[in-house]
Amino acid sequence: MDIFLLVMIGALGIMLIITSIYLLAYYCHPDDSEFGAGTLCKIFVVLGLGIAWGQILLLPLDVSNSRGTGGGIRMDTVYKIVYISIAVFAFIILPLLTAIYESDPDDTCVKRLMGTFCFFITTLVIVCLAFLIFYALAHTAKVPVSPIGCYISGLTDSDSEDYENDIKKSNDNTVSSESEMKIDVSFPIFAIGFLCFISYFLFILFGGIGLFALPLDMIYSFCSRPKKLDKGTIEQMKKEIVETAADLKELALKVKKLEEEGADKKMFFSKEKREYNELFNKLKVGYSCLTDEYDLINIQDLISGKTILEAYISLFVGIICLIVTGVWIFQIVVYVMLKSNGKSLFQGINVLLVFLTENNVSFVAIGIFSVMCMYLLICTMKGNLKFGVRFFILGSIHPMKKNKTYMNSILFNISLIMIASVSVNQFCLKAFNEYAASTDFDIIFTSQVQYLGFFLFFDKYHIFEYALCAIIVISLVYLIITGPSDSKNMKKVLYKTQAEEANKEASKPKEGQMIELADKSQENA
């Protein structure tokens with residue numbers, strides 16, 4: 001086995017576990033910081049992040065293994081274990097831990113256990129039924145084949161006729177008139193494919209946002225670095241904070257009233273539930289903006305040379321990330337998108353990776369490949385956090401903020417990251433297929449998964465790739481227009497609203513009234 005590869009993967013694995021623990025400590029709310037508070041949740045958060053990071057490292061190991069320097073590991077078995085573990089974590093374990101964490105502490109231990117057990121059984125049944133039903137309906141892969149004719153001499157007429165009949169009978173059982181060979185895939189392979197299909201929707205959204213959000217946020221962080229404010233500005237900010245707090249209090253009273261009326265327990269699609277979710281999400285975002293403004297005032301005495309140095313480091317790292325994002329965009333456009341008759345017109349970065357491998361510096365190629373894969377996952381994680389804060393109206397939000405994130409929000413985001421990470425590997429395989437060809441992962445996807453019924457249409461017409469490019473362009477334009485302030489648009493979403501009657505007379509005044517808070521860019525501390 002390649003010693004360099006072994007050392008590199010081991011070092012990266014240890015570093016990523018330490019990073020996972022650091023991220024948990026960085027975001028965790030002080031109320032959950034004690035050892036006994038959600039200890040089980042914290043353990044599984046670190047394990048979940050470790051699995052998400054680790055499965056990205058499997059592909060470089062697989063590449064090395066396919067070239068005879070990976071130790072002869074059965075990577076197909078490893079992939080099955082890892083991806084089934086991700087499914088169990090994301091759909092069963094983490095939602096179960098969320099239910100345990102959110103259970104009422106005032107209830108008796110027996111009642112909490114019973115409620116959690118019922119939730120666990122319900123979740124398990126739903127997940128298993130979903131996988132089994134889809135497996136029963138779509139477990140057949142339709143692999144295209146090219147029939148090749150063969151002339152055999154030296155046979156008698158009767159022998160030739162019997163032979164042709166045997167061939168025809170055999171072809172009728174395996175190859176359809178459309179030159180497709182039907183293969184029944186095993187349940188583990190189907191589970192990987194189905195999980196990857198679900199994952200692609202999250203990856204396209206989060207990865208498309210994160211590819212530019214990660215570098216631009218670092219650069220914007222430098223642009224909006226903490227600065228000393230004059231006394232007049234501070235007094236004006238304090239006045240705005242008081243006004244904002246009053247508006248939030250009024251909004252909170254409306255949310256409380258809706259809770260007393262039972263709106264929070266209505267069905268998701270009901271009018272009362274939608275109104276409650278919208279007001280509650282606005283309340284959370286408004287509170288987040290308010291605390292940011294308050295913190296900005298409090299740090300005035302703490303601004304020092306160290307703070308300025310951190311801002312310049314953020315600028316440098318942001319520029320490096322912007323370059324890597326540019327490389328990814330180049331590879332997606334020239335290799336994944338530009339195709340003719342199913343073949344890529346340009347090889348892109350594959351040329352460099354193959355060249356390094358053929359000239360006995362494969363460890364450099366593996367290092368570059370690992371960095372590209374890991375960067376794409378980091379962008380996906382960034383996109384998840386960015387989407388959760390900026391596009392909150394689409395659903396309940398779980399913003400991740402330093403020392404202000406409760407464990408249920410962390411568990412929710414880790415679930416999304418784990419699911420989205422599955423398609424990151426598959427997309428890396430597609431983007432660097434010339435380099436990663438003949439790996440076990442390549443065989444699993446190119447010979448079985450991509451020909452499953454639910455995957456075939458999206459892969460044939462490159463739906464995922466076009467959608468990813470569209471999200472990248474939209475997010476880039478949006479991030480450039482909105483600039484460095486997350487709160488710039490958030491502050492405009494606080495409303496004084498009440499439920500309007502469906503058949504209200506036109507002459508009556510509207511009950512809802514917009515509250516537009518100060519449109520002032522937040523300086524990120």
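Cut-off 20 Å, label point 7 angstrom out along Cα-to-Cβ of ARG274: give me the residues of the stretch 247-262 whose amide nitrogen falls inside.
The answer is 255, 258-259, 261-262.
Can you sort GLU180, GLU261 by solvent-accessible area, 1.4 Å probe, largest first?
Working: GLU180 45, GLU261 115 Å².
Sorted by accessible area, descending: GLU261, GLU180.
Take the eigenvalues of the Cα gyration tensor for the stretch 93-138, scale each by 5, and report the square roots as semi-axes in whole Å, largest first. It would help to have the intermediate numbers written out before the result.
Values: eigenvalues 168, 17, 5 Å².
One finds semi-axes of 29, 9, 5 Å for the stretch 93-138.
Computed FRET efficiency, Cβ-Cβ of VAL7 and PHE187, R0 60 Å: what is it to the nearest 0.05? Kindly include the intermediate steps, with their values, before the conclusion.
Details: r = 36 Å, r/R0 = 0.60.
The pair VAL7/PHE187 has a calculated efficiency of 0.95.
In whole Å, what are the extents of the stretch 182-251 along the principal axes defined by its C-alpha atoms, from largest to smallest?
74, 35, 14
Using a simple spin-label model with points 7 Å from Cα along the Cα→Cβ vector, what separation in nm is obtained for VAL127 and ILE474?
3.0 nm
Pulled fully out, how much extra length does the chain show between LEU113 and ILE14, if you take 0.36 nm times their separation in residues and subtract their Cα-Cα distance? Don't skip to the answer; put the middle values down first.
Values: separation 99, 0.36 × 99 = 35.64 nm, distance 3.52 nm.
So the extension gain works out to 32.1 nm.
The values are calculated or read from the model by the stated rules, or taken from the named source; none is laboratory data. Not measured: the values here are computed from a predicted model. Cβ atoms come from the backbone with ideal geometry, glycine included; neighbour counts cover every protein chain shown. Please note that ligands, DNA and RNA were not included when accessible areas were found on the heavy atoms of the full protein model with its side chains. Shrake-Rupley method; radii C 1.70, N 1.55, O 1.52, S 1.80 Å.
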